[in-house]
Every structure is written in C-alpha cells, then in structure tokens.
1. Taking the options Ile156, Ile124, name whichever one is buried (at least 16 other Cβ atoms within 10 Å of the Cβ), touching a strand residue (DSSP E or B) at 6+ places or on another chain (Cβ under 7 Å) and at pLDDT below 85.
2. What residue, of Ile67, Ile48, is in contact (Cβ under 8 Å) with a residue 24 or more places away in the chain and among the hydrophobic types (A, V, I, L, M, F, W, C)?
3. If the requirement is being within 27 Å of Ile322 (Cα to Cα), surrounded by 16 or more Cβ atoms within 10 Å (Cβ to Cβ), touching a Ser or Thr at 6+ places or on another chain (Cβ under 8 Å) and at pLDDT 85 or above, which of these qualifies: Glu503, Glu395?
4. Pairs please, first residue from the range 495-510 and assigned by TED's automatic domain parsing to the domain that holds Ser577, second anywhere and part of a helix (DSSP H, G or I) and not aliphatic (A, V, I, L, M), Cβ atoms under 7 Å, 6+ apart in sequence or on different chains.
5. Looking at Val621, Val528, Val580 in this structure, which one is surrounded by 14 or more Cβ atoms within 10 Å (Cβ to Cβ) and modelled with pLDDT of 85 or more?
6. Can you pull out every residue in the range 273-297 that is of a type in the set (A, V, I, L, M) and assigned to a helix (DSSP H, G or I)?
7. For Ile314, all conditions in the list (1) more than 26 Å from Leu72 (Cβ to Cβ); (2) surrounded by fewer than 24 Cβ atoms within 10 Å (Cβ to Cβ) hold save one; what is the number of the exception?
Amino acid sequence: MSKSLEEVHESVQTRTTGNFYRRILAFFGPAYLISVGYMDPGNWATDIAGGSQFGYSLLWVLLMSNIMALLLQSLSARLGIVTRRDLAQASRETYSKPVNYVLYFLAEVAIAACDLAEVLGMAIGLNLLFGIPLFEGVIITVLDTFLLLFLIHKGIRKMEAFIIALVGIIGLSFLFEMIFAAPDVSQVIRGLIPGIPNETALYIAIGIIGATVMPHNLYLHSSLVQTRKFDRSSEGIKRALKYNFIDSAIALNLAFFVNAAILILAATTFYKNGYFEVAEIQDAYRFLEPLLGTEWAPILFAVALIAAGQSSTITGTLAGQIIMEGYLNLRIQPWVRRIITRLIAIVPALIVISVFGEDVTGKMLIFSQVVLSLQLGFAIIPLIHFVSDRTKMQEFVISKPTRIAAWVIAIIIVSLNVKLVFEEISLWIQGATDPTWLYLTVVPLAAGFLLLLLYIAIRPLVYRSPRTTNKHLPHLQDLTFESAAIAARNKVAIAVDFSKSDEAAINHALKIAGTNAHFTLIHVVETVGALMYGSETADHESAADKKLLDDYKKLLAQKDITVDVLLGYGKPHLALSELVAKHEFDLLVMGTHGHAGFKDLLFGTTIDKLRHRLKIPLFIVNA
C-alpha cells in the first residue's frame, strides 16, 4: 500500500515518556496547516461582505461552521491515524473507478476554487502594501512554487514552523485591529443568535460555510496526521487521537478568532457607519484608516492578507498532491503538480481581471467559496461512512452520538447547497430568452450530481468490503518471482523507482542472470537537497527511499536471492551511470513506464540520456 505524502510519512518521532507538554508538542503541527485554510483570503471576502451588509447577525454562522469544522476535522484525523489511509485513498478502495474519477474531478475543482482565492488574496495584499498592479501580482504568485519545494524537503516540522509563524502574524494583526475597532460586546453576543435576514444573506452564509469547512482540508488532515510515528498499540492510537484533537481544537479556535475578527471589524467599521456595500478587500483597506483613525489599521490588514495567502497556498498544493495520488495513484514531479495547480487558478483570474477589471475580485472570491461549499457533500459523506465502518476502524469506530451529529452536519450542508443550486438555476431560467439550452445542459448536470451524491451516500451501506487495489499501488510489496535463467551474468544492477515497473524489471533480471547471480537494487533520489548536496543530503525522502529499498531486499532475501542496495543522488541518468561504472556491473536492468513526448515532461525521462553514458549492456523492460 502506497503511503500518503510518502516523503514525510512517519518522519516525526513522538514521545511516550516525559511530561505532558513535551509529549503533546510532538503531535502539534498538522492542525495549524489545516487552520490556514480556514482563514484564507476567500474567508476575508465572505466575512467582509457579511459584516458590512448584515452587521453582527451572521456571527452565529461562523460559530456553527467552526463547530462543524472541529468535528469533521477530528473525524478526518481519526481516519488517517487509525487506518493509515487518507480520505482519497479510502474512497479509491471503496468506490468504482468511474465514480472515483468524478470525485477526483470535483476535488480538483475545489482545489482550483481554493487556489483562486489564495492567488487573488495574495495579489491584492501585494497591491495594497507595495502598489504592485493586480495583474502582475497574480503572476508573481507563481514564484511560491519554489518556496513549497524548499520547505517540503527541509522536513514537515520546518514547514509547520513556517506556517505557525504566518498564523501568528495573522492573529497578532487582528488582535490589534480589534483594539482599534473597539466593537460593542453586547452586539457581538447578539450576533451569536441564529437568524437569516434575507436570500442574499443565505448566499453569503453558504459562502461562509464553504470558506470555513473546506473540503480539501478533510483530505489534507487525514494525510498530515500520518507524518507522526507513534506506538501502534491500542493505547498508542488512543493517545494520538487525543493529542490530535487538542491540536485541532486550539488551531481551529484560532482560525475562528481571525474569521470572527474580520466580520466584527467589517460590522463595527462599515455597517455601523452606513457602508453596507463593502465587499471588496481593496475597499475595506481604503476605508480602515479614515474610519478607525490610525494608519496602522490598513497596514496590518494588508500584512495579514499576504500571510494568509502565502500560508494557505502551500497547504492547498499539498492537498492537491494527496488528492491526485490517492484517487488516481498518479505521482508526477512536484514542480509540475505545483505549476498545474497554480495555472488552474491564475488563468481564470487573469482573464476575469483583464475583461472586467479589478473591481470584480470580491465577487470572484465569494463565488470561489460557494463552489467550495457545493463540493463539501462529496467529501463529508464518504468520510462519515469510513469512520463509521467497523471493518476499517475496528475498536476506534465513532460512537452513535458522534455519527448522528456528523450526519446532521452533512444534511444541513447538503440541504443548503441543494436550495442554493435550485434557486440559482430557477433565476437563470427565468432570465433567459431561450431556456432550452439550460434544460439540456445545466439541469441534467445538476440532476446527475445529485444522483451521484445519493449513490456515494447509499453504496457503503449496501456493500462495505473494500475494493482490491494492491495491483495498482506504486510501492508494490506482493512481487511474484520467476527464476528461469537465460544466460549467466555475475553482477547485475536493477534500477527501481517503486512503481509497478519494478516487478517486471526484477523478474527479467532473474531470467537473464539466474538466482545465483549477485544483484544490486539502485534508486536515485531526485529531491532539491539531493541535486544540491548529493550524498550529503539528509532529507526525509532519502530516508524513506532507503527504507523501501531495504523492504525490497528483505522480500528477495526470502527467495534466497543475494541482493545489495544503493542510493544515488541528483539527476537519474548521471547518478546511475556513475554508480554502474564505480561498482563495475555487468548489466543494468530498468523498467520503463511506456510514456513519451509530453508525458516525459510530466514524469521525467532517464533512458535516452542514460544509454549514451553506459559501457555495459542496458536491458529495458517495458512494463
């Protein structure tokens, strides 16, 4: 079974001894990466719109969303801790391929909507603080591709520390904003009483739910908790669940403070002074100084916005990697995945800004959050099913009250979304000169998604046994060996990449050389650290790859086959040719994925560059 976020999987050691605070600190981190998604720029737009139009009256929506988020994120963490599967992997084991493809597509739409909000938010922050035009600011956001690659190869703890620092900047900025605004506490308390003033408030309330309970965070949390290595006994798992819940409670309540502060700031500053139509972040920035009487208010606002955009874009990209690998079992080069995610968000943003100007960014941000909310049901319903399944969760299956609460949340969210979609389609039909095309396209599409939602809700109740997926996993552990030799060779190197092509490469090497030959498995680490520092690198992916090589060695040793293992570093064609020459192998065997052209750009290519550097036979196995 492939591991979620394999390069950092179980890379953080936790303590079973020492005082309580030291033990719990080892588990702290994943929820803070989750929390930034709950305070990203998309939240700012919905919170500002809600506060300026309806004062404090939608505060209760934020509180309700935070409670929903805490429950759902704790369920997501439980799934990852207990089953060692992230939500995408669990879905892939449960639903059929066509359904998983649709679920993957919807999850990617959610990632794109989320990234759109982050791109716009960061570009707006750069524009407000440094005067960089919005169009150029959107393009600049591509550069954080390299920041993510740098952080992930420094280790998950370094990334968590970076994110926590950004969260701290956001929290402190809004603490000072609250001091400047001095809101009416009695009005704030009244805002916690449920009520929806009108249909516009419903649209914004659904946007707030979508901005707060974010679908990609459910995938992300179930993966990030697996970065902790802990005792897998019943007691150890219980301890991990408890500490992760504490981590989630602290981080999500901090996110609630930030969201509530934005809405309260908008209510106190704009609604109170009659500025009811402030929905653009830029307008909020401009009005803060004259209304609050301090130049620091807009500066802190812009700094927090940049911090929010930068932190949430990192976690959004990690979620994209988890979703792609989990649903499709597709591992592409990290920089390619990052660029794809960025372009999906940047291209629509640039087109809209070019055509309609910078004044529509607020509407785009709110729309992106409504899209997120519409996708929620397709993530929440499978999650509830999985953590309610005793075959998956064993003794850690959720209790009946928790199950009821989770389903109530799912029903509320899905019902609000169905109502919103129905009303929006009705308005489109009423406003269309010829609604025929709507009846032929939009209506069937909406009906299809509703049927899919019903299917994923009902299917696990009818058939709970997980689908067999081992034959499609990249790190194949159930190798079948064939040992009929064609010709004898003494020293044979086998290049492995932990994909399904390894099985074919190993079997062909055994056929060629026989089981009495001496085999060496070689894998090349291609991380940024490996490219820069070679064998001196000590990143987590190198350690993970070494462990996988050792696992292969044990499997072959069980068949009485003599095997050594070697790690190379840097460019595969260079590292492989150097190792082959240094160790004087007689033959190199390697598998190919059978891709060419554009796929080489996505997955990388080694064979064409390697064969010209070798002085020994190269046997290529087309897997």
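1. Sole residue among the options that is buried (at least 16 other Cβ atoms within 10 Å of the Cβ), touching a strand residue (DSSP E or B) at 6+ places or on another chain (Cβ under 7 Å) and at pLDDT below 85: Ile156.
2. Going through Ile67, Ile48 in turn, just one is in contact (Cβ under 8 Å) with a residue 24 or more places away in the chain and among the hydrophobic types (A, V, I, L, M, F, W, C): Ile48.
3. Among Glu503, Glu395, only Glu503 is within 27 Å of Ile322 (Cα to Cα), surrounded by 16 or more Cβ atoms within 10 Å (Cβ to Cβ), touching a Ser or Thr at 6+ places or on another chain (Cβ under 8 Å) and at pLDDT 85 or above.
4. Val496/Asp502; Val496/Tyr552
5. Residue meeting the stated conditions: Val580.
6. Ile281, Ala284, Leu288, Leu291, Leu292, Ala297
7. Failed condition: (1).
So that you can scan it fast, the table gives a plain yes or no per residue for (1) in the same structural domain as Phe257 (by TED's automatic domain parsing); (2) surrounded by 23 or more Cβ atoms within 10 Å (Cβ to Cβ); (3) under 19 Å from the mean Cα position of the chain (by Cα); (4) not polar (S, T, N, Q):
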position	(1), (2), (3), (4)
Trp44	yes, yes, no, yes
Asn66	yes, no, no, no
Leu72	yes, yes, yes, yes
Arg85	yes, yes, yes, yes
Ser91	yes, yes, yes, no
Val109	yes, no, yes, yes
Asp115	yes, yes, yes, yes
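The values are calculated or read from the model by the stated rules, or taken from the named source; none is laboratory data. Everything numeric in this text was worked out from a predicted model, so none of it was measured. Backbone-built Cβ (ideal geometry, glycine too); neighbour counts: all protein chains shown.
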